[in-house]
Structure formats: C-alpha cells, structure tokens
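Enquirer: Sharing a structure here in structure tokens format.
The values are calculated or read from the model by the stated rules, or taken from the named source; none is laboratory data. Only a predicted model underlies this, so the values are computations on that prediction, with no experimental measurement involved. Reconstructed Cβ throughout: ideal geometry from the backbone, glycine too, with neighbour counts over all protein chains shown. Accessible surface areas use protein heavy atoms only, side chains included; no ligands, DNA or RNA. Shrake-Rupley method; radii C 1.70, N 1.55, O 1.52, S 1.80 Å.
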Number of protein chains: 2
Amino acid sequence: MVDILHKVGISSSTLDDLYAALTTLDGLSGWWASDTQGDTAVGGVVHFRFEPGGIDMKVVELDPATHVLWKVVDGPAEWIGTTVSWDLRQVGDNTIVLFKHQGWKEPVEFMHHCSTKWAVFLLSLKALVETGKGAPDPRDIKIDTWN
Amino acid sequence: MVDILHKVGISSSTLDDLYAALTTLDGLSGWWASDTQGDTAVGGVVHFRFEPGGIDMKVVELDPATHVLWKVVDGPAEWIGTTVSWDLRQVGDNTIVLFKHQGWKEPVEFMHHCSTKWAVFLLSLKALVETGKGAPDPRDIKIDTWN
C-alpha cells in the first residue's frame, strides 16, 4: 500500500468556511470539479465530472468541522476502493488541512500524476477559501497530457 | 517506509534542456533555490539554501539525460539519508519527469508539507523549461506557515 499525502495552510480562515468547501456542492464545485452533483450527506454519493472522466465518492464520515472521509465507488480502476480523508484544524487565525489518498495497490505512474494533481487542487481549495475564487476543472492547471 | 511521488509533463521540450535544469547550478537555481552552490558532478555536494533553511544533496547517480539520483547529507532531520530521484523520458515533443523522494521513516506532518511543496517546485521546473522563468525560493508559492 502506498499513500498520497499533502498539507496546506489557509490564511485568515475558519474551520466552518473550510468544512463548507469540502461538504457542500457549492464548495466542492468551487475548487475541484465545476460539474459536481449528488448527495453530500453521510451515505450519499457525490458525482465529480472532469474533462478526462468522472469520479464518484461515497461520503463515509463527517465530523463537523474537522474531518471528512470519502470512499471511491466509481472512477479510474486504480482509484476504486481507495479512500480520501481530510483532517482540519484551527491554528490561530489560520486553518490547516491534512490530506490523505490511501489504499493504492501499486505506485504506478498514474499515482505519481494524481499526487501532483491533488497538490494543484489543494492550492485551488486554498485560493477558494482565502479569496472566494478557486481554479476547479476545467480551469485547473494542467500538469501533463493526462490533464 | 513511505514515499513522495510526483509526475509532470513539460511541453515542447528536450531531454537535454530538462537534464540541464537538474544538473547545473544555473538550472537548479532557476526553479528550486535561488541560492544554490556547490559541485554538481557525481560525488559532489550541492548546497541549496532556502528562506526556512538549507539542504545539502550528494549527487549519487547521473545518466545523461534520463536519470539523476541525490542523497540528502544535511538538512531537516527527517530528510537526512533520504533519496531524491528523477527519471526523465521523451514522448513526442514533450518530456516527462517521474519524481520520487524516498526513505522517509514515518508519514509525519512535515512529510505531508514536503509532498505538496515538491509539487509546487515541479510546477516551477516545468515553467522554467517551458518559458525560461521558474519560481524558485524565495519567489515560490507559500503553502503554509512552514513556507
């Protein structure tokens, strides 16, 4: 098993604002996939649609406003069954995000791509919460021919 | 052991240009640390100096123009003894970088930070080779209070 791990800090922000960006369709479509639909409650499935394809995430755990856990139920073969977790905390005026995409079977080239791409989207999340404007797909930074 | 893995593709580039960005002081100072000095030959040590501190890398392997391997000989405690490898290949008019920072003992919070920060610097490397202008420290994108 190999994991993708990331961290960003978000200046002058609150846990409530950050949690909303991860748990509402309006928030999620503001930094990850502009085309985001579905049910964001525990047990619901959120449908993220990107230029290169789609990902369906089941919402497994929600602890307002500190923890979110998703499980991939449809999408790229390498993603199915993997989990994406978000742990949030307040430090002074800032919030911190610890991100983990876990359960990859092999460190394939696609995992390298996804690791870099997650960093791009975390910077988009940071921008959304700090400035009100993220860079979700299809306006995301393209890192290679896989998008 | 846990690894940081990344990938970027660099448009309209050659392996020679990309390899130069990883194996010359002029190249390295253009995307990673503006203050880069030392000996870039095999067995040499390159001194990277950042706002938050310094990293010394021993150049362990150089296969022009496809592979570079560094070993961390001084820097943050968690980094010492870890290795950073770069595998490069040409695909049509583009080049591809597969990046690995391996040998971390534990997936500590600092590793999450470094994973995201490496992605930021890989985008800087991509920009340098594509446009001639990267964003090395201290002009790098700051992702949290660790810089």
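Enquirer: Can you tell me which residues in the range B:75-94 are under 16 Å from the mean Cα position of the chain (by Cα), touching a residue at least 12 places away in the same chain (Cβ under 8 Å), surrounded by 14 or more Cβ atoms within 10 Å (Cβ to Cβ) and within 19 Å of residue B:115 (Cα to Cα)?
Expert: Within the range B:75-94, B:75, B:76, B:79, B:82, B:83, B:84, B:85, B:86, B:87 meet the criteria.
Yes/no per residue for (1) over 20 Å from residue A:146 (Cα atoms); (2) in a strand (DSSP E or B); (3) away from chain A (no Cβ under 13 Å):
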site: B:70; (1), (2), (3): yes, yes, yes
site: B:81; (1), (2), (3): yes, no, yes
site: B:96; (1), (2), (3): no, yes, no
site: B:107; (1), (2), (3): yes, no, no
site: B:110; (1), (2), (3): yes, no, no
site: B:126; (1), (2), (3): no, no, no
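Enquirer: Among the residues of the range A:48-63, write down those that are free of Cβ contacts under 8 Å to residues at least 60 places away in the same chain and open to solvent by less than 50 Å² (accessible area, probe 1.4 Å).
Expert: A:48, A:53, A:54, A:55, A:56, A:57, A:59, A:62 - these are the residues of the range A:48-63 that are free of Cβ contacts under 8 Å to residues at least 60 places away in the same chain and open to solvent by less than 50 Å² (accessible area, probe 1.4 Å).
Enquirer: Can you tell me which residue is farthest from residue A:126 (Cα to Cα) among those in the range A:1-48 that are acidic (Asp, Glu) and touching a strand residue (DSSP E or B) at 6+ places or on another chain (Cβ under 7 Å)?
Expert: Here the answer is A:39.
Enquirer: Another question, if that's okay. Among the hydrophobic types (A, V, I, L, M, F, W, C) and farther than 27 Å from residue B:141 by Cα - does that describe any residue in the range A:29-43?
Expert: Yes: the range A:29-43 contains one or more residues that are among the hydrophobic types (A, V, I, L, M, F, W, C) and farther than 27 Å from residue B:141 by Cα.
Enquirer: Could you tell me which numbered condition residue A:52 fails, if it satisfies all but one of (1) of a type outside the set (Phe, Trp, Tyr); (2) within 16 Å of residue A:118 (Cβ to Cβ); (3) at pLDDT 95 or above?
Expert: With respect to (1) of a type outside the set (Phe, Trp, Tyr); (2) within 16 Å of residue A:118 (Cβ to Cβ); (3) at pLDDT 95 or above, residue A:52 is out only on (3).
Enquirer: Identify the single condition in (1) under 16 Å from the mean Cα position of the chain (by Cα); (2) modelled with pLDDT under 95 that residue B:35 does not satisfy, given that it satisfies every other one.
Expert: (2)
Enquirer: For the range A:26-47, name all the residues that are open to solvent by 60 Å² or more (accessible area, probe 1.4 Å) and closer than 16 Å to residue A:58 by Cβ.
Expert: Within the range A:26-47, A:37, A:39, A:42, A:47 meet the criteria.
Enquirer: How many of the residues in the range B:8-25 are touching a residue at least 60 places away in the same chain (Cβ under 8 Å) and more than 23 Å from residue B:56 (Cα to Cα)?
Expert: Number of matching residues: 9.
Enquirer: Would you check if residue A:10 is within 28 Å of residue B:102 (Cβ to Cβ) and surrounded by 16 or more Cβ atoms within 10 Å (Cβ to Cβ)?
Expert: No, not satisfied.
Enquirer: Could you check residue A:137 against (1) closer than 17 Å to residue A:54 by Cα; (2) facing chain B (nearest Cβ under 9 Å); (3) buried (at least 19 other Cβ atoms within 10 Å of the Cβ) and say which number it fails?
Expert: All conditions pass for residue A:137, except number (2).
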